[in-house]
Amino acid sequence: MTKPSIRLLPILLLLFVASGMCALIYEVVWFQLLELVIGSSAISLGVLLSAFMGGMCLGSLYLPRFIDRKHHPLKVYAFLELGIGVMGLIVLYLVPLVGSLYALTPGHGFVGIAMRGVVAAICLLPPTIMMGATLPAVARWIEATPKGVSWLGFFYGGNTAGAVMGAVLAGFYLLRKYDMSTATLLAAAINFAIFFAARSIAANAPVLADTGSDTELEPDAAPNTPSSRAVYFVIGMSGLCALGAEVVWTRLLSLMLGASTYTFSLILAVFLTGLGIGSAAGAALARSLNRPQFALGLAQALQMFGIAWAAFMIAVALPNWAVNPSLSPGPWYTFHIDLTKCMWVVLPSACLWGASFPLALAALAKRTDDTGKLAGRVYAANTFGAILGSLAFSLIVVPKFGTQHAEQLLLVLSGLSALLAFSTLMTTARVTATASLLVTSGALIVLGTNVPAIPGLLVAYGRYMVTWLNRVDIEYVGEGMNSSIAVSRLSGAGATQFHVAGKVEASSLPQDMRLQRMLGHLPALVHPDPKSVLIVGFGAGVTSGSFVPYPGIKRIVICELEPLIPEVVSTYFATENNHVKDDPRTEIFYDDARSFIITTKEKFDIITSDPIHPWVKGAAALYTEEYFEAVKAHLNPGGVVTQWVPLYESNMAAVKSEVATFLKVFPNGTVWANNVDGKGYDVVMLAGKDSLSININQIEGRLRQADYEKVVSSLVEVGLNSSIALFATYATQASDLKSWVADAEINRDRNLRLQYLAGTGLNAYEGEAIFSSMVQGRKFPATLFVADGGWMSTLRGILGSPP
């Protein structure tokens with residue numbers, strides 16, 4: 001007869017699925033919230049991930065030690081879910097409070113990193129400790145039998161399946177349609193529902209479930225035997241390789257798919273899907289295996305082939321697909337192609353890593369009084385390895401050795417783990433163990449020496465790589481801590497291009513040079529006497545270098561996320577950027593710009609940004625209302641700000657959001673066009689901290705001075721031969737844009753709406769239509785300029801009617 005406790009196991013599995021869904025919703029929300037406070041650099045993300053996974057590790061390891069077995073396991077689980085829901089709500093409102101305190105501390109160097117760790121620990125450790133404790137809590141309800149231990153694998157797989165749902169729900173719907181508050185409330189509501197359901201089950205369930213098997217596991221529960229220690233090491237290495245590979249593959253796949261928030265959500269969802277499938281398969285196998293150690297070793301050995309397969313797909317096969325992304329009829333078509341690529345690369349290895357967890361449980365399970373301790377130790381070992389993998393590969397391995405050697409290291413570690421697992425069988429199955437060791441060693445040598453390098457053209461052009469074959473020469477490729485970069489030279493035009501993560505970030509082409517110079521010269525000339533400048537993003541250094549010729553400027557501060565860019569890229573554009581990196585007035589801070597602005601006590605006469613595409617994950621935080629308020633607060637009286645807005649690779653909704661958000665903080669804002677062949681390409685938003693008035697007579701007087709000769713030359717080089725040529729780039733202003741932005745969505749910290757709007761337009765080229773719509777209601781700016789009648793008449797003639 002089927003006992004009541006057996007029938008309750010599937011119900012409890014469903015609760016674990018819901019629990020996993022909530023955990024990933026929280027993770028996405030918390031990371032997004034905390035990135036706004038401590039930044040989105042590799043160090044900041046490493047701190048966040050360490051705090052999140054560290055809490056999970058502590059919870060899984062210490063719950064069985066501190067919660068007595070006399071408590072009903074399902075009641076403990078119920079109250080853990082209640083605590084997670086309560087803490088989820090608390091963190092939502094705690095982060096802004098902690099953020100305001102963080103803003104008062106130094107934000108750079110060792111002290112800054114330490115403070116980021118403190119902020120992350122305060123916010124993430126309490127709820128994540130409870131999350132990590134849920135599996136050991138439920139495990140205590142399971143008998144130590146083969147079928148019982150296999151159920152732990154199903155619970156792990158179910159939790160992972162729920163995590164997939166949470167990642168997709170948060171990344172593709174909740175945060176796109178609503179905001180972080182709505183997502184958090186939904187997750188908390190589900191946690192509370194799980195609490196009541198688990199309490200109800202506990203009221204009708206025995207303290208120990210009968211899993212329906214009379215066969216017990218082997219005696220001698222000795223967690224510190226050499227064989228047991230080997231299994232713990234193997235499952236720890238499995239976690240290390242899994243998260244290390246996720247770091248490497250996310251970096252490489254984002255080159256192909258575009259580094260948007262949708263791409264990151266997609267990669268995470270596919271990775272978790274593989275873990276869930278593998279865990280379910282491993283749990284099913286664990287019921288009947290006589291030697292689970294052999295199966296665990298086999299999974300690690302096959303993992304070598306999975307890693308080699310992924311490396312070949314990323315470096316050779318997928319980049320050469322004869323697909324032109326610009327021909328895509330819409331974002332959903334592109335999404336289907338991207339999903340196929342992700343599954344092709346990630347799924348095989350992810351399934352094997354997922355299977356490793358239940359196989360490790362089966363290999364370690366003995367006749368024991370506490371399955372909670374077993375599950376907790378295995379989960380803690382796996383999670384601890386994952387922490388090491390994510391930190392080591394993101395902060396050390398990839399920046400120091402590159403992705404090719406990182407993949408080789410992953411392959412070697414998987415092979416060594418397999419050899420260790422097989423070696424535990426030498427006393428019981430010598431022939432099988434010896435054959436496995438020899439085959440694995442041979443495969444390790446062959447596969448490890450044939451991992452292909454990532455093509456420089458892929459780093460430069462990403463998904464458009466095939467359209468640039470034989471058209472450019474790659475001058476430099478580098479893989480830094482935060483991004484992969486390249487420098488190329490066009491074969492015909494001879495222009496130099498700078499690439500970040502598969503897209504052109506800056507170049508010496510006329511349209512890009514004009515834009516970068518406008519970002520610098522517009523505010524420097526509008527401001528009557530600038531002394532200090534802050535530039536967000538180094539790029540090719542052309543915007544920063546535009547300030548070098550100004551004799552009155554005493555301080556040029558640049559905030560850049562990736563150290564390779566100023567150190568290496570600047571040398572390829574040294575003439576165009578006036579050797580700004582080596583100018584004695586220049587100081588470069590390698591940090592997230594938002595974090596820098598929040599924590600710096602310095603104020604500036606000018607703040608401007610070198611091009612940062614809003615669809616790139618993390619960049620939308622530099623276009624929010626709160627960010628612009630922080631920029632405004634760090635302007636000196638009379639200060640001026642410029643902000644770049646791309647019209648290409650964007651859409652109407654995204655551009656309207658960027659413009660409307662900027663104008664909400666700077667209601668006197670203006671828009672200046674950088675058109676190509678008279679058609680919209682990109683624009684510069686310009687505003688003053690106070691009212692904006694452009695004194696042309698004063699500006700022309702400065703341009704006639706001898707010490708402004710280099711300033712004039714810098715303008716002439718990009719076709720701006722006079723003040724009239726520069727200011728004739730005027731497009732429109734706030735008063736003329738009221739009806740145009742009336743339906744725009746304001747990009748705020750709580751929703752980061754822009755990254756979802758812009759993420760669907762990264763392959764769109766609607767610049768002409770967007771610009772025409774933007775200037776449709778333009779009126780002549782009679783009150784913006786202070787100039788004589790002749791100058792104003794000339795400008796009126798140039799501007800004419802809106803195109």
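The values are calculated or read from the model by the stated rules, or taken from the named source; none is laboratory data. Being a predicted model, the structure only gives us computed values, none of them experimental. Glycine also receives a Cβ, built like all others from the backbone with ideal geometry; neighbour counts cover every protein chain displayed. Only protein heavy atoms, including side chains, enter the accessible area calculation; ligands, DNA and RNA are left aside. Shrake-Rupley method; radii C 1.70, N 1.55, O 1.52, S 1.80 Å.
Contact list please: Cβ distance under 8 Å, first residue in the stretch 622-646 and at positive phi, second residue open to solvent by 10 Å² or more (accessible area, probe 1.4 Å), pairs at least six apart or on different chains.
Going by the 8 Å Cβ cut-off, the qualifying pairs are Gly638/His527; Gly638/Pro528; Gly638/Asp605; Gly638/Lys689; Gly638/Asp690.
Working only within the stretch 8-32, note down all residues that are in contact (Cβ under 8 Å) with a residue 60 or more places away in the chain and over 17 Å from Met56 (Cβ atoms).
Leu8, Leu9, Ile11, Leu12, Leu13, Leu14, Leu15, Val17, Ala18, Gln32
Would you be able to tell me the number of residues in the stretch 753-803 that are of a type in the set (Lys, Arg) and open to solvent by less than 30 Å² (accessible area, probe 1.4 Å)? Let's see the steps before the verdict.
Within the stretch 753-803, the subset of a type in the set (Lys, Arg) is 753, 778-779, 796.
With open to solvent by less than 30 Å² (accessible area, probe 1.4 Å) added as a condition, the list becomes 753.
Matching residues across the stretch 753-803 total 1.
When you check Gly494 against the structure, is it more than 22 Å from Ala259 (Cβ to Cβ) and surrounded by fewer than 20 Cβ atoms within 10 Å (Cβ to Cβ), yes or no? Spell out the reasoning first.
Numbers: more than 22 Å from Ala259 (Cβ to Cβ): yes; surrounded by fewer than 20 Cβ atoms within 10 Å (Cβ to Cβ): yes.
Answer is yes for this residue.
In the stretch 358-415, which residues are of a type in the set (Phe, Trp, Tyr) and open to solvent by 10 Å² or more (accessible area, probe 1.4 Å)? Reasoning before the result, please.
Initially, the stretch 358-415 is screened for residues of a type in the set (Phe, Trp, Tyr), giving 379, 384, 393, 401.
The answer is Tyr379, Phe384, Phe401.
Among Val345, Val397, which is the only one that is of a type outside the set (Gly, Ala, Ser) and touching a His at 6+ places or on another chain (Cβ under 8 Å)? Break it down into steps so the answer makes sense when it comes.
Working: Val345 fails: touching a His at 6+ places or on another chain (Cβ under 8 Å).
That would be Val397, the only listed residue that is of a type outside the set (Gly, Ala, Ser) and touching a His at 6+ places or on another chain (Cβ under 8 Å).
Select, from Ile277, Ile314, the only residue that is aliphatic (A, V, I, L, M), part of a helix (DSSP H, G or I) and under 19 Å from Ile454 (Cβ atoms). Steps first, please.
Values: Ile277 fails: under 19 Å from Ile454 (Cβ atoms).
The match here is Ile314.
Criterion first (buried (at least 24 other Cβ atoms within 10 Å of the Cβ) and either part of a loop (DSSP other than H, G, I, E, B) or out of contact with any Asp or Glu (no Cβ under 8 Å at 6 or more places or on another chain) (or both)) does Leu352 satisfy it?
Working: buried (at least 24 other Cβ atoms within 10 Å of the Cβ): yes; either part of a loop (DSSP other than H, G, I, E, B) or out of contact with any Asp or Glu (no Cβ under 8 Å at 6 or more places or on another chain) (or both): yes.
Yes; evaluated as a whole, the condition is true for this residue.
Taking the stated definitions as given, is Glu587 touching a helix residue (DSSP H, G or I) at 6+ places or on another chain (Cβ under 8 Å) and open to solvent by 10 Å² or more (accessible area, probe 1.4 Å)? Steps first, answer last, please.
Details: touching a helix residue (DSSP H, G or I) at 6+ places or on another chain (Cβ under 8 Å): no; open to solvent by 10 Å² or more (accessible area, probe 1.4 Å): yes.
No, not satisfied.
Among residues belonging to the stretch 303-324 that are farther than 19 Å from Leu275 by Cβ and of a type in the set (S, T, N, Q), point out the one that is most open to solvent (accessible area, probe 1.4 Å).
Looking at residues that are farther than 19 Å from Leu275 by Cβ and of a type in the set (S, T, N, Q), I get Asn320.
Report whether or not Val345 is within 20 Å of Glu246 (Cβ to Cβ), of a type outside the set (Ser, Thr, Tyr) and touching a residue at least 60 places away in the same chain (Cβ under 8 Å). Lay out the reasoning, then the answer.
Working: within 20 Å of Glu246 (Cβ to Cβ): yes; of a type outside the set (Ser, Thr, Tyr): yes; touching a residue at least 60 places away in the same chain (Cβ under 8 Å): yes.
Answer is yes for this residue.
Out of the residues in the stretch 400-434 that are part of a loop (DSSP other than H, G, I, E, B) and among the hydroxyl-bearing types (Ser, Thr, Tyr), state the one that is nearest to Ile485 (Cα to Cα).
The residue in question is Thr424.
Which of the residues that make up the stretch 263-285 are touching a Lys or Arg at 6+ places or on another chain (Cβ under 9 Å) and open to solvent by less than 50 Å² (accessible area, probe 1.4 Å)?
Quick first cut of the stretch 263-285, residues touching a Lys or Arg at 6+ places or on another chain (Cβ under 9 Å) only: 263-264.
Thr263, the sole residue that qualifies.
Step by step: first the residues of the stretch 75-105, then only those that are in contact (Cβ under 8 Å) with a residue 24 or more places away in the chain and aromatic (Phe, Trp, Tyr), then the one that is most open to solvent (accessible area, probe 1.4 Å). Which residue is that?
Here the residue is Phe79.
Spot the failing condition for Arg471; the list is (1) under 26 Å from Gly306 (Cβ atoms); (2) surrounded by fewer than 23 Cβ atoms within 10 Å (Cβ to Cβ); (3) touching a Ser or Thr at 6+ places or on another chain (Cβ under 7 Å), and only one is missed.
In the conditions (1) under 26 Å from Gly306 (Cβ atoms); (2) surrounded by fewer than 23 Cβ atoms within 10 Å (Cβ to Cβ); (3) touching a Ser or Thr at 6+ places or on another chain (Cβ under 7 Å), Arg471 misses (1) alone.
Identify the residue in the stretch 448-458 that is at pLDDT 90 or above and either over 31 Å from the mean Cα position of the chain (by Cα) or not in a loop (DSSP other than H, G, I, E, B) (or both) and, among all such residues, is farthest from Met304 (Cα to Cα).
Leu457
Hey, could you check the stretch 665-704 for residues that are assigned to a strand (DSSP E or B) and open to solvent by 10 Å² or more (accessible area, probe 1.4 Å) and say which is nearest to Pro614 (Cα to Cα)?
Taking the stretch 665-704 first, the residues assigned to a strand (DSSP E or B) are 670-676, 679-688, 694-695.
Now restrict to residues that are open to solvent by 10 Å² or more (accessible area, probe 1.4 Å): 673, 675-676, 679-681, 695.
Numbers: Ala673: 18, Asn675: 19, Val676: 21, Lys679: 21, Gly680: 17, Tyr681: 15, Asn695: 32 Å.
Looking at residues that are assigned to a strand (DSSP E or B) and open to solvent by 10 Å² or more (accessible area, probe 1.4 Å), I get Tyr681.
For Gly157, are the conditions met, namely being closer than 27 Å to Ser356 by Cα and either buried (at least 21 other Cβ atoms within 10 Å of the Cβ) or modelled with pLDDT of 80 or more (or both)?
Working: closer than 27 Å to Ser356 by Cα: yes; either buried (at least 21 other Cβ atoms within 10 Å of the Cβ) or modelled with pLDDT of 80 or more (or both): yes.
Here the answer is yes, as Gly157 does meet what is asked.
Can you confirm whether Ile67 is crowded, with 22+ Cβ neighbours inside 10 Å and in contact (Cβ under 8 Å) with a residue 12 or more places away in the chain?
Values: crowded, with 22+ Cβ neighbours inside 10 Å: no; in contact (Cβ under 8 Å) with a residue 12 or more places away in the chain: yes.
No; evaluated as a whole, the condition is false for this residue.
One residue is enough: does the stretch 598-619 have a residue meeting the conditions part of a helix (DSSP H, G or I), at pLDDT 90 or above and closer than 19 Å to Val533 by Cβ? Explain how you work it out, then say what you get.
The initial filter retains those residues of the stretch 598-619 that are part of a helix (DSSP H, G or I), namely 598-599, 619.
Pick out the ones that are also at pLDDT 90 or above and you get none.
The answer is no, given that none of the residues of the stretch 598-619 is part of a helix (DSSP H, G or I), at pLDDT 90 or above and closer than 19 Å to Val533 by Cβ.
Condition test on Ala418, is it over 30 Å from Gly258 (Cα atoms), crowded, with 24+ Cβ neighbours inside 10 Å and not basic (Lys, Arg)? Steps first, answer last, please.
Values: over 30 Å from Gly258 (Cα atoms): yes; crowded, with 24+ Cβ neighbours inside 10 Å: yes; not basic (Lys, Arg): yes.
So Ala418 passes the test.
Kindly indicate whether Ala299 is crowded, with 18+ Cβ neighbours inside 10 Å, of a type in the set (Gly, Ala, Ser) and over 22 Å from Thr403 (Cβ atoms). Please lay out each step first, then the result.
Details: crowded, with 18+ Cβ neighbours inside 10 Å: yes; of a type in the set (Gly, Ala, Ser): yes; over 22 Å from Thr403 (Cβ atoms): yes.
Criteria met by Ala299.
I'm checking my understanding of the structure. Among residues of the stretch 569-594 that are of a type in the set (Asp, Glu) and within 30 Å of the chain's Cα centre (by Cα), which one is modelled with the highest pLDDT?
Just the residues of the stretch 569-594 that are of a type in the set (Asp, Glu), to begin with: 576, 582-583, 587, 591-592.
Next, only the ones that are within 30 Å of the chain's Cα centre (by Cα) stay: 587, 591-592.
Working: Glu587: 96, Asp591: 85, Asp592: 85.
Top of the filtered list is Glu587.
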